[in-house]
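Below is one structure, written out as structure tokens, with a few remarks after it.
The values are calculated or read from the model by the stated rules, or taken from the named source; none is laboratory data. Being a predicted model, the structure only gives us computed values, none of them experimental. Positions of Cβ are backbone-derived with ideal geometry, glycine not excepted, and every protein chain shown enters the neighbour counts.
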Amino acid sequence: MLGGKFLNQIDKFGMWILMVLILSFVLTGYGMTKHIMDPVLAKYIHTQLLPLPLLIFFCIHVVKAVRNQFKKWKLFADERLLDLYAYALVLLVTIILIWLFFR
């Protein structure tokens, strides 16, 4: 299904984007407090633009670790059921966090 090789490719792609987002988050945080950039622009980017993509790509990055941990614990005998459960769990957590962000 969507495990193994596909999950590794998605994780590698998401990891690089997550790294750029985290560095941007740190730089805009310093921009707000240490004035290394325009504080108004830094606050807008830090509080309005970055949180949602950061949350989504963090959850994409977490899927692989969740799946591997479930596999290590031998919770599911069927690989497809393991993939389905891991993706559903992370999707549910992502939806809840997005809902909390817009609340």
Looking at the stretch 53-80, which of the residues that are in a helix (DSSP H, G or I) and exposed (fewer than 13 other Cβ atoms within 10 Å of the Cβ) is nearest to the chain's Cα centre (by Cα)?
-> ALA65
Here the residues within the stretch 36-52 that are outside any helix (DSSP H, G or I) and of a type outside the set (Val, Ile, Thr) are MET37, ASP38, LEU50
Looking only at the stretch 94-103, which residues are free of Cβ contacts under 8 Å to residues at least 24 places away in the same chain and assigned to a helix (DSSP H, G or I)?
-> ILE95, ILE96, TRP99, LEU100, PHE102
Mind checking whether some residue in the stretch 20-35 is surrounded by fewer than 17 Cβ atoms within 10 Å (Cβ to Cβ) and not in a helix (DSSP H, G or I)?
-> yes
Cβ pairs under 6 Å, 6+ apart or interchain, first in the stretch 72-93 and free of Cβ contacts under 8 Å to residues at least 12 places away in the same chain, second loosely packed, with under 13 Cβ neighbours inside 10 Å and among the aromatic types (Phe, Trp, Tyr), ordered by first then second residue, are none
So LEU7, is it among the aliphatic types (A, V, I, L, M), part of a helix (DSSP H, G or I), surrounded by 17 or more Cβ atoms within 10 Å (Cβ to Cβ) and modelled with pLDDT under 90 | yes
